[in-house]
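Engineer: Once you've had a glance at the structure underneath, I'll fire off some questions.
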Amino acid sequence: MKKHIDKNKMFRTNGNEFADQILCMMESNRCLSETLKTRVTNIVLWIVTNHKGYEDSIRETIDELEIELNWMSIFSRDFTSKLHFILNNALNVQISKNKK
C-alpha cells in the first residue's frame, strides 16, 4: 500500500487522506471566512489528535456545522453535504487507523 504524503502545509495527518483533503481545501480557499476555516480546521485536528472517547461529540459537531451551513443560503447543499461527508470519513479513517 502506498504511503500517503500530506499535501496540506498546516498539519501532519498521519496518512488520513480525508483530513488532508479538508485541510488543503481550507488552505486554498479565499472565499470562506477565517472563522469558518478555523472551525473546520479545529474539527479536523480534533479528529486526528484526540478523538478517542469523543467520537459522538465530534459527529454531533460535524452535524451541527452542516445544519448551520445549510441554514445560510450562501452555501450550496452540494458544498455542505460534501464537507459533512469528508469530515465523517476523516473520523472513520482515524478510528480505523487507531484500532491497528
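Residue by residue, here is whether (1) closer than 25 Å to GLU68 by Cα; (2) crowded, with 16+ Cβ neighbours inside 10 Å; (3) not aliphatic (A, V, I, L, M) holds:
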{"residue": "ASN14", "(1), (2), (3)": "no, no, yes"}
{"residue": "GLU27", "(1), (2), (3)": "yes, no, yes"}
{"residue": "LEU36", "(1), (2), (3)": "yes, yes, no"}
{"residue": "VAL40", "(1), (2), (3)": "yes, yes, no"}
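Engineer: Let me ask something else about it. In contact (Cβ under 8 Å) with a residue 40 or more places away in the chain, under 17 Å from VAL93 (Cα atoms) and assigned to a loop (DSSP other than H, G, I, E, B): does that describe GLY15?
Structural biologist: yes
Engineer: Continuing with this model, one more query. Looking only at segment 62-100, which residues are crowded, with 18+ Cβ neighbours inside 10 Å and either touching a His at 6+ places or on another chain (Cβ under 7 Å) or more than 13 Å from ILE22 (Cα to Cα) (or both)?
Structural biologist: Hits for segment 62-100 are ILE62, LEU65, GLU66, LEU69, LEU91, VAL93, GLN94.
Engineer: Only residues that are farther than 19 Å from PHE75 by Cβ and within 13 Å of the chain's Cα centre (by Cα): list them for segment 13-22, please. Give the derivation first.
Structural biologist: As a first pass, look at segment 13-22 and keep what is farther than 19 Å from PHE75 by Cβ: 13-20.
Result: THR13, ASN16, GLU17, PHE18, ALA19, ASP20.
Engineer: Something else about it: So if I check each of LEU69, LEU65, LEU83, LEU87, which one is at pLDDT below 95 and out of contact with any Leu (no Cβ under 6 Å at 6 or more places or on another chain)?
Structural biologist: LEU69
The values are calculated or read from the model by the stated rules, or taken from the named source; none is laboratory data. Only a predicted model underlies this, so the values are computations on that prediction, with no experimental measurement involved. Please note: Cβ atoms are built from the backbone with ideal geometry, for glycine as well, and neighbour counts cover all protein chains shown.
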